[in-house]
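In what follows, a structure is listed as structure tokens, so that the remarks can point back to it.
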Amino acid sequence: MKITKKANGNYTTRIKVKVDGEWKERRLTDSDEDNLLYRVAKLRKAYKNNDIAAKEKKWRMGEFYTLVIDTFKTDKVSDSTIDLYRLAYEQFIDYFGDIFISSIDRIKYQQFINHLGKDYSLSTVDTRHRKMRALFNFAVDLKYIKENPAKGAVMAGVDVSKDKVMFMESDKVDLLLIELRKEYSVVNAVMMLAVMAGLRFEEIVALTKKDIDFKNRIVHVTRAYDYKYTHTFVDTKTKKPRKVFLDSKTNDYFKKYVKWHDHYSKGTANKHEFLFNLKGKSNPVTNGTVNNAIKAMCKLIESDEITIHRLRHTHTGLCVEAGMDIIYVSERLGHENINTTLKYYSHLSKQLRANNQAKVDEFFAV
């Protein structure tokens, strides 16, 4: 058995297992080589006595989880999806231990959900539940258990979504822009492009000089950068390129920023010609570094704390305040459909609400 170390640091191997009398190849990947060897041994054991024997045995959650992930998920879904399954599984094991999956009924599972709700938000508990429910669905389909114990579970946890700040208010945006224009820096430029063009962080850090047409004031968004896992270029979220028009002031800002960055990053290995890499770094600036800078900026201008993604939401609000129609805003943001744009309208800024209320007074006053 040959184990190969991938560019992202993970280890991978291929093994053959017998399924319904036929030899089939399975590929396994793990961040730890010893854990990979353990998973290989567990998978071989699971298939050793063929599928019929596997159905007759009593499965513990640990080996069942490994079987499902290695067979149905690895190399078929994104690394982030695998992470979500892992987090759900680990919290399940922390609560129950490595028990037999057939021993979980709806009461025990609901007690698990209630337990999670004591420490996690409603959305986090729901995410964990969805992954566990999917795992149990596999067990039902494979006839390892008769019923899914996660079916009909009632979610627990605090709904914190209503307390999250979705936008930076317009008056604070004005203060933010004043601060960003005081000096050029990589993190300032990332913030500027997020709030003034509405690009996703992974789209921003994938940009090079060739992607900005200063003459026509167009940013060509053709790809994204996977900053979490592979550290390589990937497709945009919708897998579609788009053109984002820049206002003249922002266009001028980035003309000067590019000149500044050329001088700032001189001597730095930058084969991809990234526009948003720090001096001495070949890869783009990290999401954490930018969010730390935003946190400090919010404190400086006395604004509620937000993230780089919330600056993208802020751009949505600014577009609507400016009177842009929703179809244009949706295309500008790169949303797959207009419903994605519409859901942000429930979080519109105070200024926009005030503008709409003024229009009601003006139109209906007699």
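Since every read-out is calculated from the coordinates, none of them should be taken as a lab result. All values reported here derive from a predicted model rather than from experimental measurement. Neighbour counts are summed over all protein chains in view; Cβ atoms, including those assigned to glycine, are modelled from backbone coordinates with ideal geometry.
Among 183-193, 250-260, 62-72, what's the highest-first ranking by average C-beta atoms within 10 angstrom per residue?
Those peptides, ordered most packed to least, come out 183-193, 62-72, 250-260.
Using packing as a proxy for protection, rank 123-130, 309-316 so that the peptide with the highest average count of other Cβ atoms within 10 Å comes first.
On the way: 123-130: 18.1, 309-316: 22.2.
Ranked from most to least packed, the peptides come out as 309-316, 123-130.
Under 22 Å Cα-Cα from Lys16, which lysines qualify once same-chain neighbours fewer than 8 residues away are excluded?
Candidates past the 8-residue exclusion: Lys2, Lys5, Lys6, Lys24, Lys42, Lys45, Lys48, Lys55, Lys57, Lys73, Lys76.
Calculated FRET efficiency, Asp119 and Asp304, Cβ-Cβ r, R0 22 Å, to nearest 0.05?
Approximately 0.35, to the nearest 0.05.
In a shell of Cβ-Cβ distance under 13 Å around Ser282, excluding Ser282 itself, what net charge do Lys and Arg (+1) and Asp and Glu (-1) give?
Value of the local net charge: +2.
Restricting to DSSP H runs of at least four residues, report the calculated mean residue ellipticity at 222 nm for the chain, -39500 (n - 2.57) per run over all residues, nearest 500 deg cm²/dmol.
-15500 deg cm²/dmol
Rounded if a/c is under 1.5, else prolate if a/b is larger than b/c, else oblate: which is the range 187-322, with a ≥ b ≥ c the root eigenvalues of its Cα gyration tensor?
Numbers: a/c = 1.30, a/b = 1.15, b/c = 1.12.
It is rounded, given that a/c, with a ≥ b ≥ c, falls under 1.5.
Express the relative contact order of the chain as a whole percentage, based on alpha carbon pairs under 8 Å and six or more residues apart in sequence.
13 percent
Add +1 for every Lys or Arg and -1 for every Asp or Glu among the other residues with Cβ under 12 Å from the Cβ of Ser330, and state the total.
Here the count lands on 0.
If you take every DSSP beta bridge whose two residues both sit in the chain, what share of them, in percent to the nearest 5, is antiparallel?
95 percent
Angle between the Cα long axis of helix 33-47 and the longest principal axis of the chain, 0 to 90 degrees, nearest 10?
With rounding to tens, the tilt is 50 degrees.
Quick one: Cα centre-to-centre distance for the range 56-72 and the range 286-328, in angstrom?
Taking the Cα centre of each part, the range 56-72 and the range 286-328 sit 43 Å apart.
Once fully extended, how much extra length lies between Thr4 and Arg181, figured as 0.36 nm per residue of separation less the alpha-carbon to alpha-carbon distance?
Gain on extension, Thr4 to Arg181, equals 59.0 nm.
Along Cα→Cβ, 7 Å out, is where each label goes; now give me the distance between the ones at Lys151 and Ile93 in nm to one decimal.
It works out to 2.8 nm between the two label points.
Net charge around Val140, counting only other residues with Cβ within less than 11 Å of its Cβ (Lys, Arg = +1; Asp, Glu = -1)?
Computed value for this residue: +2.
How would you rank 103-112, 265-274, highest first, on the average number of other Cβ atoms within 10 Å across their residues?
Averaged packing, sorted descending, gives the order 103-112, 265-274.
By how many degrees, 0 to 90 and rounded to 10, does the Cα axis of helix 170-180 deviate from the longest principal axis of the chain?
90 degrees
Which three semi-axes in whole Å describe the equivalent ellipsoid of the chain, each the square root of 5 times a Cα gyration tensor eigenvalue, listed largest first? Write down the numbers at each step before the final one.
Working: eigenvalues 412, 162, 61 Å².
Equivalent-ellipsoid dimensions as semi-axes: 45, 28, 17 Å.
I need the phi-derived Karplus couplings for the range 121-135: 6.51 cos²θ - 1.76 cosθ + 1.60, θ = phi - 60°, integer Hz, Gly and Pro marked x.
Per-residue couplings from phi come out as 6, 4, 5, 5, 4, 5, 5, 4, 4, 4, 6, 5, 4, 5, 4 Hz.
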